[in-house]
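These notes concern the structure reproduced below.
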Amino acid sequence: MSDEPTFSLIGGRFAPETVVPMLTGITNAKVTYHAQKIARHEHSEDIKASEKRIRQLEADFREVLAFLREATQRGSQVDIEGTIRFQEVPPRT
């Protein structure tokens, strides 16, 4: 296998209100992905897993929005680091 690449998606210090549109877009993309998996009527286990993941994404999103609102009210900024790591998974034999 070759080196496992990483993708530095976001990193730095931000005013909390500027983070919300980025976070909304990323969250919506993930929710849409799982909704499409559900719509394809994959295995019931996959559907349940996608439904659970959507609920978790929405809960995490609400939690982070509350954090960002509080930081905004205090006049604070937020540090964010978001790196995606890719790892090859060989086919099952």
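A 1.4 Å probe, protein heavy atoms only, puts the accessible area of Lys30 near 80 Å².
Full extension of the chain between Gln36 and Ala66 yields a length gain of 8.0 nm, computed as 0.36 nm times the residue separation minus the alpha carbon distance. Phe67 exposes around 110 Å² of accessible area when a 1.4 Å probe is run over every protein chain in place. Sequence-distant contacts, meaning Cα pairs under 8 Å at least 6 residues apart, place the relative contact order of the chain at 57 percent.
Here the gap between Ala29 and Leu9, fully extended at 0.36 nm per residue and compared with their Cα-Cα distance, gives a gain of 5.8 nm. Just add up the charged neighbours of Pro16: K/R +1, D/E -1, any other residue whose Cβ is under 9 Å from the Cβ of Pro16. That sum, taken over residues with Cβ under 9 Å, equals -1. Cβ-Cβ distance of Gln87 and Gln56, R₀ of 25 Å, FRET efficiency by 1/(1 + (r/R0)^6): the value works out to about 0.70.
Just so you know, the averaged projected area of the alpha carbon convex hull for the chain sits at 8.0 nm². In degrees between 0 and 90, to the nearest 10, how far off the longest principal axis of the chain does helix 16-39 point, with axes built from Cα atoms? That helix lies at roughly 20 degrees to the long axis. Taking the longest Cα principal axis of the chain as reference, the axis of helix 44-74 is set at about 10 degrees.
The values are calculated or read from the model by the stated rules, or taken from the named source; none is laboratory data. On a predicted model such as this, the values are computed, not experimentally measured, just so you know. As a convention, Cβ positions derive from the backbone with ideal geometry for all residues, glycine included, and neighbour counts pool all protein chains shown. With ligands, DNA and RNA removed, areas are computed over all heavy atoms of the protein, side chains included. Shrake-Rupley method; radii C 1.70, N 1.55, O 1.52, S 1.80 Å.
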